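Taken together, the values in this text are just the output of simple stated rules run on the coordinates, not laboratory data. Treat the numbers as computed from the prediction; the structure is a model and nothing was measured. Here the Cβ positions follow ideal geometry from the backbone for every residue, glycine too, while neighbour counts run over all protein chains shown.
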Amino acid sequence: IVSTSTDLGPMASAVAGTVLLVAYQVLLSVGGFAEYILHAPRIGLFSANKEGILSCIGYLGIHWLSVALGSLCYAPTPAAAAAKQREAHGIARRLLLAACSGIGV
C-alpha cells in the first residue's frame, strides 16, 4: 500500500530504500527495536505479531531498492538494454560488496 501510494521514480526509490534500510538497522542496533522484537511479552495483537509487522519496514526498503535496480535493466532498444544491464551489474556488485564488508552502519 505504501509503495503503490508513493509511486517513487527510480532514483527516489534508491534513495528512499537506502535511507529506510539504514534507519531501520540503526533502530534495531541502537534504538532497542531488536530487544523489543526478541524479548517483549506477547500481550496484545501488535506485540503478538511484532516480528511480522516490523519486518515490513525492511521489506519495503528492499522493494524500493529492487524498483531502482529493475529500472536500470529496462531499456527500449537492445543496445540501450545492454548498457543498462552492465550498469545494473556494476551497481549490484557494489551493493553486494558493501553488504558483505559491513560498510554503512
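Please list the three semi-axes, largest first and in whole Å, of the ellipsoid equivalent to the chain, using sqrt of 5 times the eigenvalues of its alpha carbon gyration tensor.
33, 17, 9
By how many degrees, 0 to 90 and rounded to 10, does the Cα axis of helix 10-29 deviate from the longest principal axis of the chain?
Its long axis makes an angle of about 30 degrees.
Which order, highest average first, do 13-24, 31-42 follow once you tally other Cβ atoms within 10 Å for each residue and take the mean per peptide?
13-24, 31-42
To the nearest 500 deg cm²/dmol, what mean residue ellipticity at 222 nm is calculated for the chain from DSSP H runs of n ≥ 4 alone, each contributing -39,500 (n - 2.57), summed and divided by the residues?
That comes out to -26000 deg cm²/dmol.
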